[in-house]
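Below: one structure, written as structure tokens.
The values are calculated or read from the model by the stated rules, or taken from the named source; none is laboratory data. All values reported here derive from a predicted model rather than from experimental measurement. Because the Cβ atoms are built from the backbone with ideal geometry, glycine has one as well, and the counts that use them run over all protein chains shown.
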Amino acid sequence: MNSADKIKQYFKKAELSINPETDERVFTDVLRARQKIKENRPVIPVNTWRIIMKSPLAKVTAAAALVIVCVIGVFLFSRTSGAAWAIEQSIEALSKYNAVLIEGSESFLDEDGQLQMRTSKTWWVTNEDQTRVIKERTDIDGVTILIANGQETWRYDPQTNTVIKNRPYGMPEGWIGSRLLEQLKTFHESGLITKWEVTYGEDPVMNKQRAYLTVAWLDKRYNGPRSMWFEFDVESKLVVSLKQWENANWEGPPRAVSEKITYYENLPDSHFEFEIPEGATVIEE
């Protein structure tokens, strides 16, 4: 199928029609204009364009030109978005940061034993090789419920005004860092992750290109199935948001939603100092 036939096909799909006696001349003119655009030369002088726009064929010719522009635009977008992201790039980008703030929501059991999504903020700091979280602070609905400073851990229950002070402190499974992505890559290559899909899009608010990774574990995972959805900024390669489900099919409300992730090289020790609320009962374990 030649270029003129392709343009005719676009006209039929768009339900456009022109005079059969003139359509070949219109298509020829449009193709000639397209060729001149490719050669980076002006198609016609401005004054001539004003005259042509008064012609009965102007509407159809402009529509044909628009079809060509749209086709070229889609082609260019496909080419530029194709080489956008690879997980190895994000592993390298995340390795530069040892601290993170995650803002979003998590599900917790309410007084009736029902899961409810509650607003959360979590700060994490890892050791130098990012193998273990050494500091953590978690705020739920604006109340600090957990702080670990690398030596001791305080867990606060605002309903009973009780503080449990203990040690040691274990690394959270959901640390957003290079090691998490390395594990995902290894699990995918070994077949433990049975669902893996990468798609591309654009953030309508930030007007930035995004890469989306969806993954899922099945029963081979040590504590049951899980599925996750990651959003990567194509420019920085960093994870900018994610969702997590306690099943392998992204079904139902997510267990956790991270709507905003901010990365730091480090965070001050003062941010992980816990002040025992007035009148609280302290239990040491």
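Which residues, taken from the stretch 262-285, are closer than 17 Å to Lys121 by Cβ, touching a strand residue (DSSP E or B) at 6+ places or on another chain (Cβ under 6 Å) and exposed (fewer than 10 other Cβ atoms within 10 Å of the Cβ)?
none
Being within 19 Å of the chain's Cα centre (by Cα), surrounded by fewer than 17 Cβ atoms within 10 Å (Cβ to Cβ) and either at pLDDT 90 or above or not basic (Lys, Arg) (or both): is that true of Glu189 here?
Answer is no for this residue.
How many residues are among the small types (Gly, Ala, Ser) and within 16 Å of the chain's Cα centre (by Cα) if we restrict to the stretch 238-285?
The qualifying residues number 3.
State whether one or more residues within the stretch 259-282 are in a strand (DSSP E or B), outside the structural domain of Lys121 (by TED's automatic domain parsing) and farther than 18 Å from Lys208 by Cα.
Yes; the residues of the stretch 259-282 include at least one that is in a strand (DSSP E or B), outside the structural domain of Lys121 (by TED's automatic domain parsing) and farther than 18 Å from Lys208 by Cα.
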